[in-house]
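First up is the structure itself, then whatever we jot down about it.
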Amino acid sequence: MDKDYTDLMNQLKDKKIDSFTVTPAEFPAFQRAFMAFETRKRVVGQAEKNGQLIYHYDHDAGEDTES
């Protein structure tokens, strides 16, 4: 059964989880959900060994505190 990447990204956004991992085989399914995700620019991935990607949500992105 495929992972529900939209749900995982929403859990990141809602701070229910800190991160999730996507393997190279899972990436095409993740990419479809990622491109449809409203705040995808805040979902940040980091490449790891063996092509795995670990995604987290940047809650501070877009908060411009300079005046």
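The values are calculated or read from the model by the stated rules, or taken from the named source; none is laboratory data. In this text, all values refer to a predicted model and were calculated from it rather than measured experimentally. Reconstructed Cβ throughout: ideal geometry from the backbone, glycine too, with neighbour counts over all protein chains shown. Just the protein is used for accessible areas: all its heavy atoms, side chains included, with ligands, DNA and RNA removed. Shrake-Rupley method; radii C 1.70, N 1.55, O 1.52, S 1.80 Å.
Among the numbered conditions (1) at pLDDT below 95; (2) open to solvent by less than 70 Å² (accessible area, probe 1.4 Å); (3) among the hydrophobic types (A, V, I, L, M, F, W, C), the only one that residue 54 does not meet is (1). Within the stretch 37-57, being within 12 Å of the chain's Cα centre (by Cα) and either of a type in the set (Ser, Thr, Tyr) or part of a helix (DSSP H, G or I) (or both) holds for 39, 40, 41, 42, 55, 57. Evaluated against (1) modelled with pLDDT of 95 or more; (2) out of contact with any His (no Cβ under 7 Å at 6 or more places or on another chain), residue 59 falls short on exactly one condition, (1). The single condition among (1) modelled with pLDDT of 95 or more; (2) surrounded by 10 or more Cβ atoms within 10 Å (Cβ to Cβ) that residue 3 does not satisfy is (1).
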